[in-house]
1. Tell me whether segment 79-89 contains one or more residues that are of a type in the set (Gly, Ala, Ser), at pLDDT 85 or above and assigned by TED's automatic domain parsing to the domain that holds VAL3.
2. Here is a check on your reading of the model: is GLY164 crowded, with 22+ Cβ neighbours inside 10 Å, in a loop (DSSP other than H, G, I, E, B) and modelled with pLDDT under 90?
3. For TYR184, state whether it is among the aromatic types (Phe, Trp, Tyr) and closer than 16 Å to CYS79 by Cβ.
4. Pick from segment 127-156 the residues that are outside any loop (DSSP other than H, G, I, E, B), touching a residue at least 40 places away in the same chain (Cβ under 8 Å) and in contact with a helix residue (DSSP H, G or I) (Cβ under 9 Å, 6 or more places away or on another chain): which of them is farthest from PRO117 (Cα to Cα)?
5. Those residues that are more than 18 Å from ALA154 (Cβ to Cβ) and surrounded by 19 or more Cβ atoms within 10 Å (Cβ to Cβ), I need them from segment 105-129; list them, please.
6. Take PHE96 and tell me if it is modelled with pLDDT of 80 or more, surrounded by fewer than 21 Cβ atoms within 10 Å (Cβ to Cβ) and in a strand (DSSP E or B).
7. I'd like the full set of residues that are buried (at least 22 other Cβ atoms within 10 Å of the Cβ) and either at pLDDT 90 or above or hydroxyl-bearing (Ser, Thr, Tyr) (or both), limited to segment 168-189.
8. ILE64: buried (at least 18 other Cβ atoms within 10 Å of the Cβ), among the hydrophobic types (A, V, I, L, M, F, W, C), modelled with pLDDT under 90 and in a helix (DSSP H, G or I), yes or no?
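The values are calculated or read from the model by the stated rules, or taken from the named source; none is laboratory data. Here the structure is a predicted model, which is why all the values come from computation and not from measurement. Neighbour counts run over all protein chains shown; Cβ positions are idealised from the backbone, glycine included.
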Amino acid sequence: MKVTVSCFALDNARGKAAKELAESCKEKALGGKGKSITDFSVYDSGGVILLVLSHNQGVGSKDISGLSVQCAGVKPISCIAEMEFEEFSDESLLVFFSRGTGEKEFNSHVFNAYANPLGTESLLLDLRMHDGFKFKVSDRGRMEYAVVDIPEEAYDLASLISYGGCLIERVFRKTGESAACVGYCSMGQLLLARCGSGFPNAQELTASFSERKGRGIKVLSLSLNEGVFDKPVKREEGKGGDAVASLVRLKLKPRFKRI
């Protein structure tokens, strides 16, 4: 059965207490449960509320995104990461949220998890991952995007995200199945990643963040067994400075398309 998971990072526009804001989100989510919403989880991430919803409305649903706006004290603009996929009984999700870091903070982490076999052994050992992944990267300044095949175009991807000023937005299996997505906004970045057979495991996904000592990165672990979220687990992965963003830009290849 197909399920859509939408994750929102909600800021508090009116200085509302985090506990009260979280309760407001729970009330709104409960109101939709049993209708379009299958299940939900609300998590306080130090002034920012992470609202995770599983539903059957697909990606980009106005009804689902409008739910976050209805929560009292929340700005209309929030950080969003969502994807639709066929769920499996042993599947779990990881949500990473970073605030106060560089816009390119997640580029290297996602690359290491899905394109670097020395950091992710599953790329070598799991036959479902052996063919690699597709990366959707975008140049937000020029409103262009490209889809890069890994491992065939690993050097191209490394150049685009290191020196080309591009951001990784989505990762797909070669079959088109969603693996991970990244949401960007003024408050930070939000990464939603699947764990299980055919994808990096939780240890491999979090290892990159530990090695790079990302500052202020929160990790939320969710079980998606039969659409039910387990209680989230809070964890911070080290401390350190912002990711270094290069000012060098590469000439974008013709395969880039207008967004």
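1. Narrowing segment 79-89 to residues of a type in the set (Gly, Ala, Ser): 81, 89.
Now drop any that are not at pLDDT 85 or above, which leaves 81.
Now narrow it down to the ones that are assigned by TED's automatic domain parsing to the domain that holds VAL3: 81.
Checked against the condition, which is being of a type in the set (Gly, Ala, Ser), at pLDDT 85 or above and assigned by TED's automatic domain parsing to the domain that holds VAL3, segment 79-89 yields at least one hit.
2. Taking the combined requirement at face value, the residue does not satisfy it.
3. yes
4. Ranking the candidates gives ASP139 first.
5. Result: GLU105, single match.
6. No.
7. Result: ILE168, VAL171, ALA179, ALA180, CYS181, VAL182.
8. On the way: buried (at least 18 other Cβ atoms within 10 Å of the Cβ): yes; among the hydrophobic types (A, V, I, L, M, F, W, C): yes; modelled with pLDDT under 90: yes; in a helix (DSSP H, G or I): yes.
So ILE64 passes the test.
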